[in-house]
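Worksheet: one structure, shown below.
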Amino acid sequence: MHLDLLAIVTAFGLIFLAELPDKTMFASLAMGTRMRPLYVWIGTSSAFIVHVAIAVGAGGLIGMLPDWIVRLVSAVLFAFGAFMLLRGSGDDDDDEEIKTVTGFWPVYSTAFMAVFISEWGDLTQITTANLAASNGAWSTAIGSAAALMSVSALALLAGRFIAKRVPLKTVQRIGGVCMLGLAIWSVVEIFTA
């Protein structure tokens with residue numbers, strides 16, 4: 001196993017910048033306001049690691065998946081997330097305590113599946129596959145995984161920061177609208193891609 005520091009830094013920089021404005025970052029932010037951030041991060045990071053392994057190991061095969069199916073499943077998951085957030089943000093009494101999704105496995109599986117399905121054929125996965133072909137598999141895998149996990153951590157930190165300063169019902173409404181927007185965006189991508 002040969003590690004090239006320049007290849008690691010290159011992969012980290014490219015993937016980090018590509019993932020920052022990505023829908024997965026916004027989904028992580030929304031999940032982090034409602035679920036335990038550490039559990040969400042472990043779930044999203046696990047999904048990212050699987051995607052990096054797939055991209056590095058079989059980069060050419062990713063393009064064979066039907067794009068519209070991936071985007072449709074992604075849209076359904078985002079719509080479900082929007083439903084869950086908006087359902088819990090009604091105009092109930094302020095005295096009522098808002099339930100937070102807890103428990104490692106429910107949070108982990110939700111975060112894992114949201115990222116795992118929505119990242120198929122994503123720009124970062126394709127970029128990782130291309131970098132692995134030219135810069136080495138291990139170096140690219142380390143740089144890409146570190147970048148994706150860092151973006152998820154930043155989104156979760158931002159989610160916690162926002163949740164402490166803005167009423168949770170407002171955060172849920174905004175998060176639900178964002179998730180609904182991501183669902184619509186995924187559906188639009190089916191017809192425009």
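The values are calculated or read from the model by the stated rules, or taken from the named source; none is laboratory data. None of the values given here were measured: they were computed from a predicted structure. Every residue, glycine as well, gets a Cβ built from its backbone with ideal geometry; the counts of neighbours run over all protein chains shown. Calculation scope for accessible area: heavy atoms of the full protein, side chains included, ligands and nucleic acids excluded. Shrake-Rupley method; radii C 1.70, N 1.55, O 1.52, S 1.80 Å.
Of the candidates 45, 74, the single residue that is open to solvent by less than 10 Å² (accessible area, probe 1.4 Å) and either modelled with pLDDT under 80 or in contact with a strand residue (DSSP E or B) (Cβ under 9 Å, 6 or more places away or on another chain) (or both) is 74. Tell me yes or no: at least one residue of segment 124-139 is open to solvent by 40 Å² or more (accessible area, probe 1.4 Å), of a type in the set (Gly, Ala, Ser) and touching a residue at least 40 places away in the same chain (Cβ under 8 Å). Checking segment 124-139: at least one residue is open to solvent by 40 Å² or more (accessible area, probe 1.4 Å), of a type in the set (Gly, Ala, Ser) and touching a residue at least 40 places away in the same chain (Cβ under 8 Å). Scoring residue 90 on the criteria (1) at pLDDT below 85; (2) part of a helix (DSSP H, G or I) leaves a single failure, condition (2).
For segment 1-42, a tally of residues being of a type in the set (A, V, I, L, M, F, W, C), closer than 19 Å to residue 121 by Cβ and open to solvent by less than 10 Å² (accessible area, probe 1.4 Å) returns 3.
The test for being modelled with pLDDT of 85 or more, open to solvent by 30 Å² or more (accessible area, probe 1.4 Å), of a type in the set (S, T, N, Q) and within 18 Å of residue 19 (Cα to Cα) does not hold for residue 144.
Only one entry in 115, 177, 107 is surrounded by fewer than 20 Cβ atoms within 10 Å (Cβ to Cβ), at pLDDT 80 or above and part of a helix (DSSP H, G or I), namely 177. Every condition in (1) open to solvent by 20 Å² or more (accessible area, probe 1.4 Å); (2) assigned to a helix (DSSP H, G or I); (3) at pLDDT 75 or above is met by residue 120 except one, and the failing one is (2).
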